[in-house]
Amino acid sequence: MDAHSDGGPDSSPVVDFGLALKRAQHLLGQRIDQALRPLDLNLGLWAVLRETATHPGASASELARASRHTPQTLSGLLRRLEDRGLIERSEARGRVVDNRLTPAGHETLTVVTRNVEDVITAALAGFSPEDRAAFAQLTTRFAEALTHHHEPGIPSDPGPSGA
């Protein structure tokens, strides 16, 4: 079998696979942002809400790592969520500020998560339950392999992208 696919002169099945994953990630992010726009939220804000609910009392640096944002990006997202009354911040550990969802934040998270589930469910509509399970298992294994496999000179977990 030829090592190159029909994707172009510098393409291969492996490169095409990586590009397909990137395209799927991009399209899914767009669809989620579109679904959350009427709520004046987006994927980045949802990620912070979700991680704040999962880790109540977490510091900004802890939330930045968990939500895959840079500290600078997270600072703006936290300010937006606080201005909307969805999170509360308190200096509970000296200079470290703890972050928690407010009751309105919990309610919003429930609605937003349902919207995200609807987007993903619609995207998977053409897949059988067995295909969905296999897809979930394989993408989880792929992410684990990327997390644990270390190439010299390349960090195994490069951290947030700043998005």
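The values are calculated or read from the model by the stated rules, or taken from the named source; none is laboratory data. It should be emphasised that the depicted structure is a prediction, and the values quoted were computed from it without experimental measurement. Glycine also receives a Cβ, built like all others from the backbone with ideal geometry; neighbour counts cover every protein chain displayed.
Annotation: residue 128 fulfils all but one of (1) more than 18 Å from the chain's Cα centre (by Cα); (2) polar (S, T, N, Q); (3) buried (at least 17 other Cβ atoms within 10 Å of the Cβ); the unmet one is (3). Note on the range 39-75: among residues that are farther than 21 Å from residue 114 by Cβ and hydrophobic (A, V, I, L, M, F, W, C), the one that is nearest to the chain's Cα centre (by Cα) is 66.
The sole residue among 106, 69 that is in contact (Cβ under 8 Å) with a residue 40 or more places away in the chain and surrounded by fewer than 17 Cβ atoms within 10 Å (Cβ to Cβ) is 106.
Any residue at all in the range 21-31 that is modelled with pLDDT of 95 or more, more than 14 Å from the chain's Cα centre (by Cα) and on the phi > 0 side of the Ramachandran plot? So far as the range 21-31 goes, no, none of its residues is modelled with pLDDT of 95 or more, more than 14 Å from the chain's Cα centre (by Cα) and on the phi > 0 side of the Ramachandran plot. Among the residues making up the range 63-78, a single one is more than 18 Å from residue 109 (Cβ to Cβ) and of a type in the set (D, E, K, R): 65. May I ask you to list the residues in the range 15-65 that are within 22 Å of residue 87 (Cα to Cα), among the acidic types (Asp, Glu) and either in a loop (DSSP other than H, G, I, E, B) or out of contact with any helix residue (DSSP H, G or I) (no Cβ under 6 Å at 6 or more places or on another chain) (or both)? Of everything in the range 15-65, those that are within 22 Å of residue 87 (Cα to Cα), among the acidic types (Asp, Glu) and either in a loop (DSSP other than H, G, I, E, B) or out of contact with any helix residue (DSSP H, G or I) (no Cβ under 6 Å at 6 or more places or on another chain) (or both) turn out to be 40, 62. Inspection of the range 111-125 identifies no residue that is touching a strand residue (DSSP E or B) at 6+ places or on another chain (Cβ under 7 Å), modelled with pLDDT of 85 or more and either within 22 Å of residue 28 (Cα to Cα) or in a loop (DSSP other than H, G, I, E, B) (or both). State whether the residues of the range 4-14 include one that is in a helix (DSSP H, G or I), surrounded by 17 or more Cβ atoms within 10 Å (Cβ to Cβ) and modelled with pLDDT under 95. Within the range 4-14, none of the residues are in a helix (DSSP H, G or I), surrounded by 17 or more Cβ atoms within 10 Å (Cβ to Cβ) and modelled with pLDDT under 95.
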